[in-house]
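Everything on this sheet refers to the single structure shown next.
The values are calculated or read from the model by the stated rules, or taken from the named source; none is laboratory data. All of these numbers come straight from a predicted model, not from anything done at the bench. Methodologically, a virtual Cβ is constructed for each residue, glycine included, from the backbone with ideal geometry; neighbour enumeration extends over all protein chains shown. SASA here: full protein model, heavy atoms, side chains in, ligands and nucleic acids out. Shrake-Rupley method; radii C 1.70, N 1.55, O 1.52, S 1.80 Å.
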Amino acid sequence: MKKLSCLFSFLLVLFLYTCSYDEGLIPDLTADSDLKCASGAVITVKPGNTGNDTQALINAFVWAKGQGPGSMVRLTEGEYHIGPIEVDDFHGSFMGAGKGKTVIIPLSDIICDHYWADNIVPELLKFLRGDVKVAKMTFRYLEGNTCIWDYLGFHDWAFTELPDIEENRHIRAMVDQVEFISNYSPFMAICVSGDFIWADNLPYSKAAITVTNCSFDGFFNALQNLAIDAGDFVFSKNQVTNTFQALWLQNNIGGRTTIANNRFNLVEGGSGIEVDNLVWDLFTHVTSNGCSYEITGNSFYINNSTHTIGINDARKFQGIIDNKNPLLVLVRNNLFDLRGIAQDGIYINASNDAVIRNNKFIGQATRAGLYLDALTDNCLMLGNNFSTMVNTPYHIVLLGNHCTVVGCNYKGENVLDLGTDNVITGAKVVHGYSSVGKSMVDNFNIMKENMMKLRKP
């Protein structure tokens, strides 16, 4: 892939018209040598008057990279109209003046044919490897459609230059106080994965991504996290509205995911968080080192949607046995507002050792507040509150086996138990079978400790 490069003399002339140097830079315009800078050099870019700011941003990133780690590309208030930009191995910050103040808009005449030909994703701003912070700005669409898939892409490898050794695969990024607005084109705000469209026998990705204090409006996916085998993903204090499928977390076999204190407003027919370890033919098959998801303190608001959270360890469904348990889930202290009617509050299929505890369900569901399908096993449901649910056939439908349900002292709580060897206390069992002796176990913490032991050399 063609790398960003430019002669220094060209940059200097261009910056005199479009950019200003800021704190940390110590220019020596009388010498023939390159400009010197202290750690944390900053370059400020202002909107141009040509209607196309792409080259100014490309040049600013080239300059910032040349100053070393910790440098910043800073945008002033105003609208920036850009085409696709790729930034490789950038260790620094990309900062605006605030949400609604610094606004980035895709150009209306972007052509994406060469991205398809190279089997890479057409994105507005693509970061390959590096350690990046993007903050205090708005990404907004123009009227009409664009061939751009997503606004921000964070990738540890690209199909055009697959890494030769594993140590070369990493991407670290923080996105904070950023507003993403679309009309489903682009259909995604943030993509975290390898940079490809379709292939086979691909490597997994190593990613450490934090998304905080952001808002997402009008997407098919707010964020996609695909095929991660190591690292951490944190999604916290964000608001997602008018989005069909808020978080699409697919085929991740390693790392830790934390989704905490967010607000999700779900559109009709949509869903909130989809966790699915579907084994596609895209990636080389490997067993996992254990992948954990903690979903805590969130609020979900339904509008005739399918479910708020879907959990599916499809490796089991496809007959793949992974003894290190590739999908471990804790769902705790969340609010599920189903007053717009949902099929289910939470849907779990083919998952072991999930812990669903101390959540509150209100409103109504056509099937259940909590639905565990036939391939679930050894799950714990403790202290969930269904006291304000109405017109719902069952609060819990339990088709899985070896699970434990402990009610929340709500006399009307009912469970449809069609599995085997399940223990149910503090709730009314409907059309079920008798409980068979099995102790309540907090499987999440036990399995988490086991995973930590497995990871140690």
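Data overview
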read-out: Percent antiparallel among DSSP beta bridges (both partners in region 173-260, rounded to 5); value: 0
read-out: Hydrodynamic radius by Kirkwood, which averages 1/r over all alpha carbon pairs of region 31-128, in angstrom; value: 14.6
read-out: Accessible-area ranking of K206, K136, largest first, probe 1.4 Å; value: K136, K206
read-out: ³J(HN,Hα), Karplus 6.51/-1.76/1.60, whole Hz, each residue of region 175-183, x for Gly, Pro; value: 10, 9, 6, 10, 9, 10, 10, 8, 10
read-out: Computed Kirkwood radius, in angstrom, where 1/r is averaged over Cα pairs of region 73-131; value: 13.0
read-out: Accessible-area composition of region 56-150, carbon plus sulfur, in percent [1.4 Å probe]; value: 50
read-out: Solvent-accessible area of L266 with every protein chain in place, 1.4 Å probe, in Å² to the nearest 10; value: 10
read-out: N49 versus N401: modelled label distance in nm, points set 7 Å from Cα along the beta carbon direction; value: 7.6
read-out: C-alpha center-to-center spacing [region 169-198, region 250-291] in angstrom; value: 15
read-out: Per-q log10 I(q)/I(0), region 44-199, q = 0.13 Å⁻¹ (Debye; single scatterer per alpha-carbon; no solvent); value: -0.57
read-out: Rounded accessible area of V211 (nearest 10 Å², 1.4 Å probe); value: 0
read-out: Heavy atoms of K65: accessible area, 1.4 Å probe, square angstrom to 10; value: 80
read-out: Alpha-carbon radius of gyration plus Dmax, which is the widest Cα pair, for region 255-391 in Å; value: 14.9, 47
read-out: Cα-projected label distance for D89 with V430, points at 7 Å along beta-carbon direction, nm; value: 6.2
read-out: In region 121-184, GluC sites (Glu not before Pro) in a DSSP loop with at most 13 other beta-carbon atoms within 10 Å; value: E143
read-out: Backbone HN-Hα couplings from phi across region 227-243 [Karplus 6.51/-1.76/1.60, Hz, Gly and Pro as x]; value: 6, 9, 10, 6, x, 10, 10, 10, 10, 9, 6, 10, 10, 10, 9, 6, 10
read-out: J(HN,Hα) series, region 413-421, from Karplus relation 6.51 cos²θ - 1.76 cosθ + 1.60, nearest Hz, glycine and proline x; value: 5, 9, 10, 8, 9, 10, x, 10, 6
read-out: Set K101/K360; K101/K206; K99/K206; K133/K360; K65/K206 screened for pairs whose C-alpha atoms are more than 26 Å apart; value: K101/K360; K101/K206; K99/K206; K133/K360
